[in-house]
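Take a look at the structure below.
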Amino acid sequence: MKLLKLGVVLLLIIVGTIVALASISNIKTDNSNDAIIIGDDMKLFKEEECRGESGDIICTETLYMQNGDGDKIPLMTGRTIKETIIVPKYIEIEKIIVEEKKLYGEERASPRDRIQEEDINVFSNGVRIDIKNAKWRKFIDSNSMDPLIDEGTTTIEITPKYASEIKVGDIIAYDMEGYDYAFVHRVIKIGNDKDGIYFTTKGDNFWQEDPDKVRFSQVEGIVVGILY
């Protein structure tokens, strides 16, 4: 009985081998499109479709069987990620270091001290400040020196004898051609050109410096006191 079963198994193996060899003899390759021809009217071929996705190229490969009528039947699909070389391009930008200034507490040029403590006398019925060559000035509502100087403010000024008496940080009153009143702005720079010393001024409440150079001959006074 065992010998009979063994004979049957051997017979099946031999028959299967003959059938496989017969099938292989009918398969040939079509080199024109990398397709495999099976018989006279069947063909196996592969199609690949690629697309970009998240920086990689994703390719899908599908195996089709096509019959003599031209119908394509998908047999097997495989998903593979092909190698992608991404070379990012960077533009090197020169680093610019910006020094941050303190919002509060930054040192700024202040007016020069011209009134000494002994010049100020306070009494129960009044105040006396001893200032030589002093004069006073009242203001219109120009807003250029707000909130330090505004309409209703009175300033006390002294008349300088020399240009060297004026320092950066001082508030000066000066004449401008075409105006019937003096400008009272702060000195932010002192320069020297072919015409001599000049002062660059700016209103405290304005972001841009004044466009004209102020000469010493235009200066009427230096503010030494502000009264409200």
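The values are calculated or read from the model by the stated rules, or taken from the named source; none is laboratory data. Everything numeric in this text was worked out from a predicted model, so none of it was measured. Here the Cβ is made from the backbone with ideal geometry for all residues, glycine too, and neighbour counts use every protein chain on show.
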How about the range 114-123: which of its residues are assigned to a loop (DSSP other than H, G, I, E, B) and not polar (S, T, N, Q)?
Arg114, Ile115
Residue identified as aliphatic (A, V, I, L, M), under 43 Å from the mean Cα position of the chain (by Cα) and under 23 Å from Asp119 (Cα atoms) among Ile190, Ile171:
Ile171
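Rundown of residues vs (1) more than 52 Å from the chain's Cα centre (by Cα); (2) over 30 Å from Asp180 (Cβ atoms); (3) modelled with pLDDT of 75 or more; (4) surrounded by fewer than 13 Cβ atoms within 10 Å (Cβ to Cβ), yes/no style:
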position: Lys46; (1), (2), (3), (4): no, yes, no, no
position: Gly52; (1), (2), (3), (4): no, yes, no, yes
position: Glu83; (1), (2), (3), (4): no, yes, no, yes
position: Glu107; (1), (2), (3), (4): no, yes, yes, yes
position: Asn121; (1), (2), (3), (4): yes, yes, yes, yes
For the range 154-177, does any single residue satisfy the condition of being at negative phi, among the polar types (S, T, N, Q) and in contact with a Leu (Cβ under 8 Å, 6 or more places away or on another chain)?
yes
When the range 152-171 is checked residue by residue, the ones that are more than 12 Å from Ile226 (Cα to Cα) and touching a Phe, Trp or Tyr at 6+ places or on another chain (Cβ under 7 Å) are Ala163, Ile166
Could you list all residues from the range 127-144 that are more than 20 Å from Gly203 (Cα to Cα) and exposed (fewer than 13 other Cβ atoms within 10 Å of the Cβ)?
Val127, Arg128, Asp130, Lys132, Asn133
Residues of the range 124-137 satisfying the condition of being farther than 12 Å from Gly225 by Cα and outside any loop (DSSP other than H, G, I, E, B)
Gly126, Val127, Arg128
With a cut-off of at least 1 residues that are in contact (Cβ under 8 Å) with a residue 40 or more places away in the chain and crowded, with 17+ Cβ neighbours inside 10 Å, name the strands (runs of 3 or more DSSP E) lying wholly within the range 145-228.
154-158, 171-174, 183-193, 219-227
